[in-house]
Every structure is written in structure tokens, then in C-alpha cells.
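Student: Let me begin by handing over the structure; questions about it come next.
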Amino acid sequence: MKPLIIAMALVLAAPLPANAQTHPRTPRDLRQLAQQNGIRIGSAVDLTALREEADYRKVLNREFSHVTGENAMKWESVEPERGTYTWEDADALVANARRHDQKVRGHTLVWHNQLPAWLTTGVEQGTIDDAQLRDILRDHITTEVRRYRGKIRAWDVVNEIVDDDGAMRQSIWLTHLGPGYVADAFRWAHRADPHAKLYLNDYNLEWNSAKIETTYNLIKDLKAQGVPIHGIGFQGHLGIQYDYPADWANVMRRFADLGLEVAVTELDVRMVLPVTPEKLATQADYYRRALTDCLSVSACREFTVWGFTDRHSWVPGWFDGEGAACLLDENLAPKPAYQALLAVRRS
Ligand code: XIL
């Protein structure tokens, strides 16, 4: 053999360097993309699907390093009857997460929706007075946070507490407990798990300036009072029929400058049906921009989508004529949005 041929044969026979086979710059999935960029990419989880659909389970556990129960930890799910706790779904989520190196977002402790009927009718009918309501809320927070102490990275302590017009949202909490319920909720949660990151979570915070101002001032006040609040969650329920919220990264930065951690907690990008290739391309661009925005803010640690497959998405049930909001289609095939995310890098 001629020397050149020998040399070539040696090169071909030599084992590849450890990183050559996997091309570290081109992640093979969202979990690797997240790892390469120093964040966690998460998904909301449908517990029935997790239990019953092997393909759903496989993709969830392969792709995601953070999870949120879509409904499993809400009050009506965990205490449907007064004093009767049903932790099966929440426990299953946390157990699955531990097995697959997934951090968990607890969602959510104080909200105006998905409250158990015993609570709302009790308040309406006056069988639960204001002092009792306060005790009930404290017990709820304490019981749930304690149960998962050390197993929940971040809790959405309060959810959607500011209205689109910038006023504090009218809810049984504001009406019966007064605005101090917010500080109380954070203090109770902190006592129950001093290591969990405690978040305020809301929608339209990506762009609505009335909502942003009120929320910003509220958090500033809470911090000044020494209330343990550590994070701001941007739900990120977007739709391609609206402009992409171009100022989002700046809004994230403003909150980060208050000393907060930032997370995208419920991203999805819906469209008016039917699906077309053009709409999918626009959707891909919105997902790409959202991740790019998060990665441009060093305080942004988590990027969670509100379900990863169009097979299980809240959108068709809540927005008439809209759908196809997720990264994978109903057969779990990656859509252009999934590919677009894989190409994003921290700039
Ligand atoms: C939604 C769930 O996806 C649905 O399954 C449920 O019927 C209603 O709630 N903001 C939130 C989430 O904080 O908890 C909501 O989840 C979507 C809007």
C-alpha cells in the first residue's frame, strides 16, 4: 500500500473523538438543546395521557427536563371534597419526574379558577366566613407545599391576580381577604418549603403595559416588605393572528432587574384552523423568538410549553375554531416549530 492510502485507512479506522458522533452543536432533542444552553425546557403534563399512552410518555420523558401538571395540582384536583385529598395524579407526576431527571413546577396554589365547589358555594352561601376562608387558604397552601417539600423546584404561588385593565383581579380572595392575601400566600408557602422558588404567574404579561405596571409595582412592594417572592412566570399563550410581543425580552429584563428569576411557564402558539404550511412557518417563528428572548435574559431559567402535542392541548376546547398550538402534531410528529427550536442558540 502507498503511504497515502495507509494514512487514509488509519484515519478512517481511528475511533471518532467522543463529540464527533453527536455533533454537540446540533442537539438531537429538546433535552439536549436545553442542556447546551443552560436552561430547562419543560411541558405541561396530561396525567391521563401519561398513564395510558406509551408514545406520549416516551416523548415527554425523552424531550423534557421540566414538567408542570396541567391540572393535577390545582385545588379542585387535590381536594375535591372538603378534607378529602386526592394526590394520585400529583404524586404520579412527581414520581415520574424523579425517574427522568425532570424538575417540577407546582401549579398552582392561589387562583380564581378550578376551585372546588365546596369552597366557592360555601363562600357564596356564607357558610364559610372570611376568617375561615383565610384559614382554609393557609391550610391548603401549607398542606400541598409540605407534601412535596424538596421535590418542587418552583411553585406558582399566585396565578392571574392582575386584570387586563391593570386592576387587581376581583376574586373571592381579593373580596374576602383583601389585597394582603398575596403576601400571606407567599409567606405560608415559604414556611412550608423554604427552598422552593416562589413565583407570581400570569398571562398577557408579555405585552400588556397596564398589567405589567401593576404587577411590577406589586412585586416591588412585596420585596420591600421582605415577602419571599423569587420569580415571575410569563404564561405565553400566543396566537399567530396577533403580532409577536416584540418587547417581551425587555419586559423579562425589567422583572429580572428586581432580582427575580424568570420563566416562560405555559407557552403555546395557536392559529385559526385550518392549518396551512404558511401558518406553521409563522408559528415556528413565534416559538423560535420566544426561546431566543428567554435565552437573551440570563435570569430566564425555564422554558415550558403548555402541552407538547396537538393530541392533548387545551386550545381547541377554549378558543373557538383555533388549534394546532403545540410543537408536535397529533401523531407526535415534529412540526416546523420543533425544528426551529432545535436551531436556537444563546447569542
Ligand atoms: C387549563 C388547562 O390546560 C385545561 O385542561 C383546564 O381545563 C383549564 O386550565 N392558564 C393557566 C392554566 O394558568 O392552568 C390553564 O390550564 C390555562 C391558562
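The values are calculated or read from the model by the stated rules, or taken from the named source; none is laboratory data. Keep in mind that what you see is a predicted model, and the values were worked out from it rather than measured. Because the Cβ atoms are built from the backbone with ideal geometry, glycine has one as well, and the counts that use them run over all protein chains shown. SASA here: full protein model, heavy atoms, side chains in, ligands and nucleic acids out. Shrake-Rupley method; radii C 1.70, N 1.55, O 1.52, S 1.80 Å.
Student: Test T282 against the stated conditions and say whether it is away from the ligand (no atom under 13 Å from the Cβ), in contact (Cβ under 8 Å) with a residue 24 or more places away in the chain and open to solvent by 20 Å² or more (accessible area, probe 1.4 Å).
Tutor: So T282 passes the test.
Student: So W248 clears everything in (1) within 30 Å of G180 (Cβ to Cβ); (2) in contact with an Asp or Glu (Cβ under 8 Å, 6 or more places away or on another chain); (3) of a type outside the set (D, E, K, R); (4) open to solvent by less than 10 Å² (accessible area, probe 1.4 Å) except one condition, right? Which one?
Tutor: (1)
Student: Return the total of residues in the stretch 298-332 being aliphatic (A, V, I, L, M), more than 16 Å from the ligand (Cβ to nearest atom) and either open to solvent by 40 Å² or more (accessible area, probe 1.4 Å) or more than 20 Å from A54 (Cα to Cα) (or both).
Tutor: Selection size over the stretch 298-332: 1.
Student: Residue under question is I128, and the condition is that it be over 15 Å from W75 (Cα atoms), without any contact (Cβ under 8 Å) to a residue 40 or more places away in the chain and either within 16 Å of the ligand (Cβ to nearest atom) or not in a helix (DSSP H, G or I) (or both); does it hold?
Tutor: Taking the combined requirement at face value, the residue satisfies it.
Student: For the stretch 143-202, which residues satisfy the criterion of being within 19 Å of L119 (Cα to Cα) and small (G, A, S)?
Tutor: Result: S171, G178, A185.
Student: I'm checking my understanding of the structure. Among residues of the stretch 100-122 that are open to solvent by 10 Å² or more (accessible area, probe 1.4 Å) and within 16 Å of the ligand (Cβ to nearest atom), which one is nearest to I152 (Cα to Cα)?
Tutor: So the residue we want is W111.
Student: State which residue is least open to solvent (accessible area, probe 1.4 Å) when the search covers only the stretch 72-94 and only residues that are part of a helix (DSSP H, G or I), farther than 30 Å from A333 by Cβ and more than 15 Å from the ligand (Cβ to nearest atom).
Tutor: D91
Student: Check L267 against each of (1) buried (at least 21 other Cβ atoms within 10 Å of the Cβ); (2) more than 16 Å from the ligand (Cβ to nearest atom) and name the one condition it does not meet.
Tutor: Condition not satisfied by L267: (2).
Student: Turning to a different aspect of this structure: Given A54, A49, which one is out of contact with any His (no Cβ under 9 Å at 6 or more places or on another chain) and of a type in the set (A, V, I, L, M)?
Tutor: A54
Student: Still on this structure, I have one more. Applying the selection to the stretch 189-212, what residues are in a helix (DSSP H, G or I) and within 22 Å of the chain's Cα centre (by Cα)?
Tutor: Across the stretch 189-212, the qualifying residues are A189, H190, A192, S209, K211, I212.
Student: Write out, first by first residue and then by second, each pair whose Cβ atoms fall under 6 Å of each other, whose residues are 6+ apart or on separate chains, and whose first residue, in the stretch 102-125, is charged (D, E, K, R) while the second is away from the ligand (no atom under 15 Å from the Cβ) and in a strand (DSSP E or B).
Tutor: Pairs found: K103/R40; K103/H66.
Student: Determine whether T215 is buried (at least 20 other Cβ atoms within 10 Å of the Cβ) and among the hydroxyl-bearing types (S, T, Y).
Tutor: Yes; evaluated as a whole, the condition is true for this residue.
Student: Run T175 past the list (1) more than 23 Å from the chain's Cα centre (by Cα); (2) assigned to a loop (DSSP other than H, G, I, E, B); (3) not acidic (D, E) and report the number of the one that doesn't hold.
Tutor: Among (1) more than 23 Å from the chain's Cα centre (by Cα); (2) assigned to a loop (DSSP other than H, G, I, E, B); (3) not acidic (D, E), T175 violates only (2).
Student: Here's a check for you: in the stretch 228-238, which residue that is part of a strand (DSSP E or B) and open to solvent by less than 20 Å² (accessible area, probe 1.4 Å) is farthest from G106 (Cα to Cα)?
Tutor: L238
Student: Kindly provide the set of residues from the stretch 57-71 that are more than 15 Å from the ligand (Cβ to nearest atom) and in contact (Cβ under 8 Å) with a residue 40 or more places away in the chain, ordered by number.
Tutor: Scanning the stretch 57-71 gives V59, L60, N61, E63, F64, H66.
Student: Residues D164, D156: which one is in a loop (DSSP other than H, G, I, E, B), within 16 Å of the ligand (Cβ to nearest atom) and either without any contact (Cβ under 8 Å) to a residue 60 or more places away in the chain or buried (at least 19 other Cβ atoms within 10 Å of the Cβ) (or both)?
Tutor: D164
Student: Which ones in the stretch 180-211 are farther than 25 Å from R147 by Cβ, open to solvent by less than 10 Å² (accessible area, probe 1.4 Å) and aliphatic (A, V, I, L, M)?
Tutor: Residue satisfying the conditions is L205 alone.
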